[in-house]
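Shown next, in structure tokens, is the structure this report addresses.
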Amino acid sequence: MGSVWNHCTLVLHPSFQGLEAFMQSLPERFERGEGILIHDGRNQLRRIPYQGTEYVVKSFRRPIFINRWVYGTLRPSKALRSYQNALALQRIGVGTPQPVGYMNLRSGVLFDRSYFVTVASACPYRYEDLFTQEFLYQEEVLRAIARTTARLHEHGMAHKDYGRANILFRQLPDGPVQIEIVDLNRMALGPLDVKAGCKNFERLPATPEMHRVLADEYAKARGFDARQCYELMQAYRSVQPGKIDNLY
């Protein structure tokens, strides 16, 4: 459902039609610093409880002046793209926190702010935790990430900020590893061959052994040569600043 009033566009997932008031209250909640601050950088993420459910809200900062006009008239907002990409991932069977909706605020034709809301993920760990904690099931995590990435690529989708903080995971009680992908406002669309696919891993720090596992499972899922994938992942990662050494 979507509606526009007072320069505000609010869209809710069909399963969350009763959250209009919560969505409309987000600017005031952020102003008060409500909830738990998860990330405070270019954009801000807060974990906010509401009526017994935990939500994660991403507040996108106000763009520079020229982009306020562009986003207000020509381009979809980052919140809208995040919402649409989350739905797209769900359609192809790739895990991501349940999208709730998004809200855009405008002042006349000038874009102001936008908010994207999901249900809080049940996955307690991020990819970067592999370097600070011991996981007896680390290989299963890496293989699950490789399969998830392969599924994205087979459907012509590549996460443009596929970094250490944007892959969540947990081991389910019956053994399998669950993967969820977050920060979805920047996705590239189009075919991905072996080089483009392996290049998409370049922002993920990894030891050579981790790359071997990722390459082996990714190659199996996509019908590529595992050795070629390994060599490509090593080569693309080697030119990235702030490599694995910074994590130990």
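Readers should treat all values here as calculations from the given coordinates under stated rules, not as data from a laboratory. Predicted model, so just to flag it, every value in this text is computed and none were measured. Here Cβ is always computed from backbone atoms with ideal geometry, including for glycine, and neighbour counts include all displayed protein chains.
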**Prompt:** Anyone know which of Leu80, Leu26, Leu37 comes out most mobile in the 10 Å Cα GNM of the chain?
**Reply:** Leu37
**Prompt:** When you count, for each residue, the other Cβ atoms within 10 Å and take the mean per peptide, how do 133-140, 180-187, 15-22 rank with the highest first?
**Reply:** 180-187, 15-22, 133-140
**Message:** Given R₀ = 22 Å, what would the calculated FRET efficiency be for Ser15 paired with Ile36, taking r from the Cβ atoms and rounding to 0.05?
**Reply:** 0.40
**Request:** Return the long-range amide H neighbours of Tyr125 (sequence gap of 5 or more, or a different chain), with a cut-off of under 5 Å between placed amide H atoms.
**Result:** Phe169
**Message:** Using a Debye calculation, one point per C-alpha and no hydration shell, please list log10 I(q)/I(0) for the range 129-212 at q = 0.11, 0.12, 0.15, 0.23 Å⁻¹ in order.
**Reply:** -0.30, -0.35, -0.55, -1.25
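Per residue of the chain, what 222 nm ellipticity follows from adding -39500 (n - 2.57) for every DSSP H run with n ≥ 4, rounded to the nearest 500?
When only DSSP H runs of four or more count, the value is -10500 deg cm²/dmol.
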**Complete:** Between the modelled labels at Thr207 and Arg61 (7 Å from Cα along Cα→Cβ) the distance in nm is 3.7
**Asked** Over 18 Å between Cα atoms, which of Lys195/Lys220; Lys78/Lys160; Lys78/Lys199; Lys58/Lys199 qualify?
**Response** Lys78/Lys199; Lys58/Lys199
**Message:** Taking 0.36 nm per residue of sequence separation and subtracting the Cα-Cα distance, how much length would be gained by fully extending the chain between Ala226 and Gln51, in nm to one decimal?
**Reply:** 58.2 nm
**Fill in**
Scalar couplings 3J(HN,Hα) for the range 119-125 by Karplus 6.51 cos²θ - 1.76 cosθ + 1.60 (θ = phi - 60°), nearest whole Hz, x for Gly and Pro, are 6, 4, 5, 8, 7, x, 10
**Message:** Would you calculate the convex hull of the Cα atoms in the chain and tell me its volume per residue in Å³?
**Reply:** 146
